[in-house]
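Enquirer: Starting off with a structure, shown below.
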Amino acid sequence: MRRLLLLLTIYLTACNSAHSTDQLLAQVWTNDQTIRQQMMALTKAVTTDGRTDLIDSLISLSEEVNRIDAENIAIVDSILQRGLPKKLTDDSYKTIWIVIDHSSLEKQEQYLPLIEQMAHDGKVGLDEYAILYDRVAMKQNQPQRYGSQTVQFGKMEALQLYVWPIEDPSQLDSLRATVGLSPFTEYLQQIKEATGMDATYDPTLTVEELNQMRGNISQD
């Protein structure tokens, strides 16, 4: 399946068919979202319902997520070899963003300027650019700007969820508003509804302190 999709990508890139590229990216979106919906449901069963018998399944599914993400970014790489295609659907441009958002730090850094330009051109939302900006900052071990990123750590049956430190907590909601993100308190509630976990937010917490907490728990 992977080989078939990559060959198809090479062909579609060569023939520059927007319609065919849209069809391919629609399948990429389905692959990305289906596996994550399964992951979210399984994580919620373990953390909220205490289904420790599902931990091995969760680990296996996590490996499958990584495999699909690697396949999807290879497809997007091929599509973007000659630059961003024109006349794609809004859904296709959003798929390009989400695949990059779910890729490695190297790929995220590579494509962050492209996503910023796409946001300014109206091809993706400013909120989507903000999410990628925060994710890159977190992976670089820097404070995030828009408060979109959380990190979880601990034993699978006792995971803790923390909001990644924010560079200017006093301006958080105003910054979120500039890119179309909901107020931060609403976002925390959305996290709880989606995962069954309360996200701890401490505006005084630094990156160094959070990493120390993660290290201490991993040693227990």
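Here, each number is a calculation from the coordinates, and none is a lab measurement. Worth saying up front: this structure is predicted, and the values here are computed from it rather than measured. Note: ideal-geometry Cβ built from the backbone for every residue, glycine included; neighbour counts use all protein chains shown.
Enquirer: Per the Cauchy relation, a quarter of the hull surface: what is the mean projected area of the convex hull of the alpha carbons in the range 150-219, in nm²?
Expert: That works out to 5.0 nm², a quarter of the Cα hull's surface.
Enquirer: I've got another one for you. So how much slack lies between residue 214 and residue 190, counting 0.36 nm per residue of separation and subtracting their Cα-Cα distance, in nm?
Expert: That pair, residue 214 and residue 190, stretches by 6.3 nm at full extension.
Enquirer: Determine, from the Cβ-Cβ distance of residue 51 and residue 200 and an R0 of 25 Å, the FRET efficiency 1/(1 + (r/R0)^6), rounded to the nearest 0.05.
Expert: For R0 = 25 Å, the calculated efficiency reads 0.65.
Enquirer: Ranking 184, 153 by Cβ neighbours within 10 Å, fewest first, what do you get?
Expert: The fewest-first ordering by Cβ neighbours comes to 153, 184.
Enquirer: In addition: Taking H placed 1.01 Å from N in the peptide plane, check which residues at least 5 places from residue 150 or on another chain put their amide H under 5 Å from its amide H.
Expert: For residue 150, whose amide H was placed from the backbone, the distant partners under 5 Å are 164.
Enquirer: Among 19, 102, which comes first, second and so on when ranked by fewest other beta-carbon atoms within 10 Å?
Expert: 19, 102
Enquirer: Please give the FRET efficiency for residue 67 paired with residue 139, using the beta carbon to beta carbon distance and R0 = 22 Å, rounded to the nearest 0.05.
Expert: Once rounded, the FRET efficiency stands at 0.65.
Enquirer: Fully extended, how many nm does the chain gain between residue 18 and residue 82 (0.36 nm per residue separation, minus their Cα-Cα distance)?
Expert: 21.7 nm
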